[in-house]
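To keep things clear, I will list the structure first and then write my remarks on it.
The values are calculated or read from the model by the stated rules, or taken from the named source; none is laboratory data. Being a predicted model, the structure only gives us computed values, none of them experimental. Cβ sites come from the backbone with ideal geometry, for glycine too, and all protein chains shown count toward neighbours. These accessible areas exclude ligands, DNA and RNA; they are computed on the full protein's heavy atoms, side chains included. Shrake-Rupley method; radii C 1.70, N 1.55, O 1.52, S 1.80 Å.
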Amino acid sequence: MSSLRTVSLLLVTVFGILHCFNRAIAYSAQEPHLPQSLSGVPQSIVSLITRFWDIFGPGGKFHPTAFIESKGHLVLEGLLVLVILYLFLQKSFNPSFQKQLQTELTEQEIEDLCNDWQPEPLFKAATDNQPDYDPPVISGPPTTYIVANGKKVLNMVSANFLGLAGDKAIEEACAATINKYGVGSCGPRGFYGTIDVHLHLEEHLAKFMQTQETIIYAYDLATVPSILPAFANAKDIIICDEAACFAIQNGAVLSRAQVKYFRHNDVADLERILAEQAAKDKRSKLRLNRRFIVVEGISQNLGDIAPLDQIFKLKEKFKYRLVLDESLSFGVLGATGRGAAEHFGLMPGQVEIVAASMGNSLASIGGFCAGDRDIVDHQRLSGLGYCFSASLPPYLATGAICALQRMQEQPELVLRVAQNARRMRELLHHIAGLSVHGGPNDDVSPLIHVQLEQPLETIWQGKALLQQVVNDAYQKEGVLFTVHRLSDLDKAYSKTPASICVAVTAQHSQADMQKAADALQKACSRCFSAK
């Protein structure tokens with residue numbers, strides 16, 4: 001097929017050349033004349049133009065008319081015919097020749113090839129340094145006490161920050177929605193998957209976030225990876241925290257934008273990168289593009305709070321847009337629970353794009369994005385997770401609405417989370433051999449990462465030791481913790497040390513937190529002494 005296209009192009013070229021010759025002949029039939037508008041030109045230049053015109057103009061020896069009159073076009077046409085014949089006579093155009101090259105394999109040869117073939121593994125084999133991990137099986141809702149592997153234990157792992165998962169009133173509202181709409185929506189939002197409860201949830205979220213609109217996604221991990229590619233492309237720039245969660249990393253890669261990383265929560269390093277990029281743009285006169293700074297309110301991988309007030313000043317100074325992932329800070333930070341932006345006193349709209357998961361404080365599933373009407377409407381046509389995924393099941397939208405209403409009716413839940421976070425961090429600071437990540441500005445974060453005070457040689461060795469601590473606390477103290485785990489593919493894998501992740505909720509009592517701290521201290525004493 002490619003050869004036939006080549007021949008076709010050659011034929012078109014021949015006809016084009018012949019057409020040009022015919023036009024040249026017609027033009028040469030007119031009276032030769034010099035170009036006009038030569039008045040005021042020096043005589044020497046006029047003389048040069050006259051000599052050029054005598055040679056290349058009509059009647060000149062290098063004019064196409066002379067070439068035609070001397071039958072030169074026949075030579076050109078003959079060469080083209082030879083080229084076409086050469087192409088047709090090539091072996092690649094001979095089907096019978098191709099068949100001769102194909103050697104049929106015998107049945108035994110086919111069987112031998114199949115036996116020798118070894119498929120590439122889907123994942124790398126585990127090394128001796130990688131500990132085996134058997135995740136616990138949970139029975140029942142993620143409340144303060146849960147049943148894990150058939151044993152009732154204190155739950156210090158679930159991000160049910162406001163304690164709304166398992167709430168009876170919310171469950172009853174969800175059951176009523178199932179009776180009315182069924183379980184699934186059976187279609188994306190743009191194709192018969194929009195239910196009235198979806199619109200009600202978006203309206204409630206927009207009113208709560210004090211933005212013009214919101215858009216909901218069926219899966220929280222697909223929210224940021226849908227937002228970033230909707231607004232950024234190959235000519236744009238995204239600057240992320242190096243310890244950003246995998247959703248942000250994935251969205252940045254899918255956008256195909258130029259991605260740069262600054263040291264975790266290091267505002268000075270962020271300013272350095274922004275200044276370097278500004279100087280580079282000034283030197284290269286880079287065309288206008290879109291630029292984004294992407295951070296988390298509360299870091300999933302380290303549990304500390306982003307210095308959003310300082311980041312906001314830099315984004316205003318260097319003319320960037322700010323994308324804020326409030327997945328862990330929504331319902332936790334701020335006077336009303338609107339997140340890190342409210343916590344640092346930023347007004348609604350000063351952060352251009354706010355995204356959050358509904359799987360934590362709202363005890364549901366999915367995610368949402370809040371912003372101006374243009375930002376939200378653009379995602380309804382360009383957000384991949386919105387356009388091509390089945391919409392959120394209606395009963396989960398009802399659950400999120402009820403949880404949001406409960407959060408507004410009981411603002412003391414947000415205050416209680418902050419108080420419990422401070423108390424839990426204070427208790428964990430006294431455990432020998434462990435250190436709590438974060439400083440005084442992070443004391444209200446309910447996601448606490450506890451690391452080894454003296455890190456081991458490799459991350460896997462640290463994780464293996466901490467997993468022994470977690471197992472000991474579960475088996476002997478009846479408290480469930482978890483070791484924070486990342487994939488080898490995660491860019492933050494090498495940036496985050498081994499840690500035990502502790503989640504504090506509004507439902508934890510003082511006795512619960514004291515029990516958890518005592519259990520962790522006893523488990524550390526037993527495991528560290530046996531090391």
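Restricting to helices (runs of 4 or more DSSP H) lying wholly in the range 228-327: which have 3 or more residues that are under 28 Å from ILE365 (Cα atoms)?
Result: 246-255.
Here is a yes/no grid of residues against (1) closer than 25 Å to SER389 by Cα; (2) surrounded by 20 or more Cβ atoms within 10 Å (Cβ to Cβ); (3) touching a residue at least 60 places away in the same chain (Cβ under 8 Å); (4) of a type in the set (A, V, I, L, M, F, W, C):
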| residue | (1), (2), (3), (4) |
| --- | --- |
| LEU228 | yes, yes, yes, yes |
| ALA234 | yes, no, no, yes |
| GLN249 | yes, yes, yes, no |
| ALA268 | no, no, no, yes |
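Consider the range 506-518. How many of its residues are assigned to a helix (DSSP H, G or I) and either touching a Lys or Arg at 6+ places or on another chain (Cβ under 8 Å) or at pLDDT below 95 (or both)?
Filtering the range 506-518 for residues assigned to a helix (DSSP H, G or I) gives 510-518.
Add one more test, that the residue is either touching a Lys or Arg at 6+ places or on another chain (Cβ under 8 Å) or at pLDDT below 95 (or both), and what stays is 510, 513.
Total satisfying the criteria: 2.
At pLDDT below 95 and either touching a Lys or Arg at 6+ places or on another chain (Cβ under 9 Å) or in a helix (DSSP H, G or I) (or both): which single residue out of ASN441, ASN420 fits that description?
Exactly one of ASN441, ASN420 is at pLDDT below 95 and either touching a Lys or Arg at 6+ places or on another chain (Cβ under 9 Å) or in a helix (DSSP H, G or I) (or both), namely ASN441.
Which one is farthest from ASP512 (Cα to Cα), of the residues in the range 427-458 that are among the polar types (S, T, N, Q) and open to solvent by 80 Å² or more (accessible area, probe 1.4 Å)?
The residue in question is GLN454.
Consider only pairs whose beta carbons are under 8 Å apart and that are at least six residues apart or on different chains; among these, list those whose first residue lies in the range 377-388 and is under 12 Å from THR223 (Cα atoms) and whose second residue is of a type in the set (S, T, N, Q) and in a helix (DSSP H, G or I).
As it stands, the answer is GLN379/SER226; GLY383/SER226; LEU384/SER226; GLY385/SER226; TYR386/SER226; TYR386/GLN379, since those pairs meet every condition given.
Considering each residue of the range 188-221, count those that are at pLDDT 95 or above, surrounded by fewer than 20 Cβ atoms within 10 Å (Cβ to Cβ) and either farther than 27 Å from ALA175 by Cβ or among the aliphatic types (A, V, I, L, M) (or both), and give that number.
4
Of all residues in the range 92-126, how many are charged (D, E, K, R) and either within 30 Å of SER487 (Cβ to Cβ) or modelled with pLDDT under 60 (or both)?
Of the residues in the range 92-126, 3 are charged (D, E, K, R) and either within 30 Å of SER487 (Cβ to Cβ) or modelled with pLDDT under 60 (or both).
Of all residues in the range 413-426, which are within 17 Å of ASP304 (Cα to Cα) and either of a type in the set (Gly, Ala, Ser) or open to solvent by less than 20 Å² (accessible area, probe 1.4 Å) (or both)?
Here is the first cut: in the range 413-426, the ones within 17 Å of ASP304 (Cα to Cα) are 417-426.
VAL417, ALA418, ASN420, ALA421, MET424, ARG425, listed by residue number.
Would the range 370-383 turn up any residue that is touching a Gly at 6+ places or on another chain (Cβ under 8 Å) and part of a loop (DSSP other than H, G, I, E, B)?
Yes, there is a match, as at least one residue in the range 370-383 is touching a Gly at 6+ places or on another chain (Cβ under 8 Å) and part of a loop (DSSP other than H, G, I, E, B).
Test THR336 against the stated conditions and say whether it is out of contact with any Asp or Glu (no Cβ under 9 Å at 6 or more places or on another chain) and of a type in the set (Val, Ile, Thr).
Details: out of contact with any Asp or Glu (no Cβ under 9 Å at 6 or more places or on another chain): no; of a type in the set (Val, Ile, Thr): yes.
So THR336 does not fit the description; no.
Based on what the data block shows, is LEU346 assigned to a loop (DSSP other than H, G, I, E, B) and buried (at least 24 other Cβ atoms within 10 Å of the Cβ)?
No, not satisfied.
Can you find even one residue in the range 272-279 that is in contact with a helix residue (DSSP H, G or I) (Cβ under 7 Å, 6 or more places away or on another chain), open to solvent by less than 30 Å² (accessible area, probe 1.4 Å) and farther than 23 Å from SER494 by Cα?
yes
Please enumerate the residues belonging to the range 271-299 that are in contact with an Asp or Glu (Cβ under 7 Å, 6 or more places away or on another chain) and β-branched (Val, Ile, Thr).
The one that is in contact with an Asp or Glu (Cβ under 7 Å, 6 or more places away or on another chain) and β-branched (Val, Ile, Thr): VAL295.
Step by step: first the residues of the range 280-303, then only those that are of a type in the set (Lys, Arg) and farther than 17 Å from LEU270 by Cα, then the one that is nearest to the chain's Cα centre (by Cα). Which residue is that?
Checked the range 280-303; the qualifying residue nearest to the chain's Cα centre (by Cα) is ARG290.
Assuming ASP325 fulfils every condition listed in (1) out of contact with any Ser or Thr (no Cβ under 9 Å at 6 or more places or on another chain); (2) within 20 Å of PRO225 (Cα to Cα); (3) not small (Gly, Ala, Ser) apart from one, which condition is it?
Going through (1) out of contact with any Ser or Thr (no Cβ under 9 Å at 6 or more places or on another chain); (2) within 20 Å of PRO225 (Cα to Cα); (3) not small (Gly, Ala, Ser) one by one, ASP325 breaks only (1).
Tally time: how many residues in the range 202-236 are closer than 19 Å to MET407 by Cβ and within 24 Å of the chain's Cα centre (by Cα)? Break it down into steps so the answer makes sense when it comes.
Step one: list which residues in the range 202-236 are closer than 19 Å to MET407 by Cβ, which gives 202-211, 214, 216, 220.
Restricting the remaining residues to those that are within 24 Å of the chain's Cα centre (by Cα) gives 202, 205-206, 209, 211, 214, 216, 220.
Of the residues in that region, 8 qualify.
Can you tell me how many residues in the range 444-481 are charged (D, E, K, R) and part of a helix (DSSP H, G or I)?
Going residue by residue through the range 444-481, those that are charged (D, E, K, R) are 453, 457, 463, 472, 476-477.
Checking which are part of a helix (DSSP H, G or I) leaves us with 463, 472, 476-477.
Of the residues in that region, 4 qualify.
Restricting to the range 236-247, name every residue that is among the aliphatic types (A, V, I, L, M) and either crowded, with 24+ Cβ neighbours inside 10 Å or closer than 29 Å to PRO497 by Cβ (or both). Reasoning before the result, please.
To start, the set of residues in the range 236-247 that are among the aliphatic types (A, V, I, L, M) comprises 237-239, 243-244, 247.
Selection gives ILE238, ILE239, ALA243, ALA244, ALA247.
Pairs, please: C-beta under 7 Å, at least 6 apart or cross-chain, first residue more than 12 Å from ALA506 (Cα to Cα) and in the range 158-184, second polar (S, T, N, Q) and open to solvent by less than 30 Å² (accessible area, probe 1.4 Å)?
Partner pairs satisfying both residue conditions: ALA173/THR398; CYS174/THR398; THR177/THR398.
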